[in-house]
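Worksheet: the structure to be examined is printed underneath.
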Amino acid sequence: MNYTAALDTALDRLHSEGRYRTFIDIERRNGAYPHAVWRRPDGTEKDITVWCGNDYLGMGQHPVVLAAMHEALDATGAGSGGTRNISGTTVYHKRLEAELADLHHKEAALVFTSAYIANDATLSTLPLLFPGLVIVSDALNHASMIQGIRRGGGEKHIFKHNDVADLRRILEGIEKRRPVLIAFESIYSMDGDFGPIREICDLADEFGALTYIDEVHAVGMYGPRGAGVAERDGLMDRIDIINGTLAKAYGVFGGYIAASAKMVDAIRSYAPGFIFTTSLPPAVAAGAAASVRHLKTDQGLRDKHQLAAKTLKLRLKGLGLPIIDHGSHIVPVHVGDPKHCKMLSDMLLEQFGVYVQPINYPTVPRGTERLRFTPSPVHDAAMIDALVKAMDGLWAHCALNRAELSA
């Protein structure tokens, strides 16, 4: 076989469909976010504004976080030195897990190297803990949840996205004495819509199922202490396992689950993705703990974040752009064509210094390609105004549809 030719064919296919992903070199500078510097391939530089980052609250450069990381780095050095059971558990890891357990009002928490690994490792391990487990998963769950469920090798069913009636239909078809877990998200990041948490919990109670929620796009930003949508809606006590990230609103790195002490102990003891992975560097754990601790009391930052998102959506809607608006902080603008989506992204960057990556298949279904903006408290009125004017001009230049989508 000509392996090089096969690789050329695979890559050419992505280019021809307009789905080839390009990574631009950007340099974040301390204290300047969301401003950054784009280093072009030819070596020249351009000042840009980041509009697609997941540092939702700008905590990645918050003085409280940086001070904690400097302290831990000076005290312990760079790496953790091993897996959690081989020298990789430090006081910083224990403090972080205590902060997370307190955040979600759970008995315990367990930190992983990413929320992807936390989902994958936990969901693939649960069938070992509950023989015969049936997992019922929302159709739009994140790739990490899908991967974990597949790797678990147990019986699975997919219910239509946010369709409680379809979920009930599936649950009614499962043998009564079998263990069941319902896996879903609080905020789905591509459309920014909310999961029907209360209704799913009601069905879980009725059918004796466990509940597993992914709150990665909500922790830090929703609820009186930033524990997520389940906290905002007063439902955290009805969720058995909560998955969250430290790399989005908390601005650092890592992922976690929060649950009962026994559930956490079992995952800790059985999940290869936890057991055989070097733990987070102590400085990262310290910074994450400081961020979680700070955001438990900084409601003002959450309010500014929501205001920025609402303002951007209103401004773009005022231009008749096809906004997908479900009331969350995520602002997707529907384009519907991968080549147009990539072209708009390139023109925004080169002509206006606006950095937003195109979202194409397979991240979203074909025909639903979009630009996904993530405004934050540090995107001020002038930045929003510049973005809106750029979008207005490019939309007209590309002769794209201005008929607004329904939510």
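The values are calculated or read from the model by the stated rules, or taken from the named source; none is laboratory data. Everything quoted here is computed from the prediction, not taken from an experiment. Because the Cβ atoms are built from the backbone with ideal geometry, glycine has one as well, and the counts that use them run over all protein chains shown. When the accessible area is computed, the model is the full protein with side chains, heavy atoms only, and any ligands, DNA or RNA have been set aside. Shrake-Rupley method; radii C 1.70, N 1.55, O 1.52, S 1.80 Å.
Things worth noting here:
- Selection from I117, V134, M59, by position along the positive dipole direction of the range 31-159 (Cβ): V134
- Proximity of backbone amide H atoms, modeled 1.01 Å from N, is registered between D337 and E369 at under 5 Å, excluding neighbours fewer than 5 places apart on the same chain.
- When F352, F276, F184 are compared by accessible surface with a 1.4 Å probe, the order from highest to lowest is F276, F352, F184.
- Less than 5 angstrom separates the built amide H of T374 from those of C52, G53, all sequence-distant by 5 or more or on a different chain.
- Gain on full stretching of the segment that runs from R366 to I158 - 0.36 nm per residue minus C-alpha separation: 72.9 nm
- Cleavage-rule hits (GluC sites (Glu not before Pro)) in the range 129-177: DSSP loop, at most 10 neighbouring Cβ within 10 angstrom: E175
- Other-chain or far-sequence residues with amide H under 5 Å of S137's (modelled H): H157, I158, F159, A183
- The heavy atoms of I117 present about 50 square angstrom of accessible area, all protein chains included, probe 1.4 Å.
- Taking GluC sites (Glu not before Pro) across the range 6-63, none is in a DSSP loop with at most 12 further Cβ atoms lying within 10 angstrom of its Cβ.
- As a fraction of the 1.4 Å probe accessible area of the chain, surface on carbon and sulfur atoms comes out at 55 percent.
- Applying the criteria of a DSSP loop state and at most 16 other Cβ atoms within 10 Å to the chymotrypsin sites (Phe, Trp or Tyr not before Pro) of the range 1-59 yields Y20, F23.
- Per residue, the chain exposes an accessible area of 43 Å² to a 1.4 Å probe, with every protein chain left in place.
- Karplus (6.51, -1.76, 1.60) ³J(HN,Hα), θ = phi - 60°, over the range 18-32, in Hz, Gly and Pro reported as x: x, 10, 5, 8, 10, 10, 9, 8, 10, 10, 7, 10, 3, x, 10
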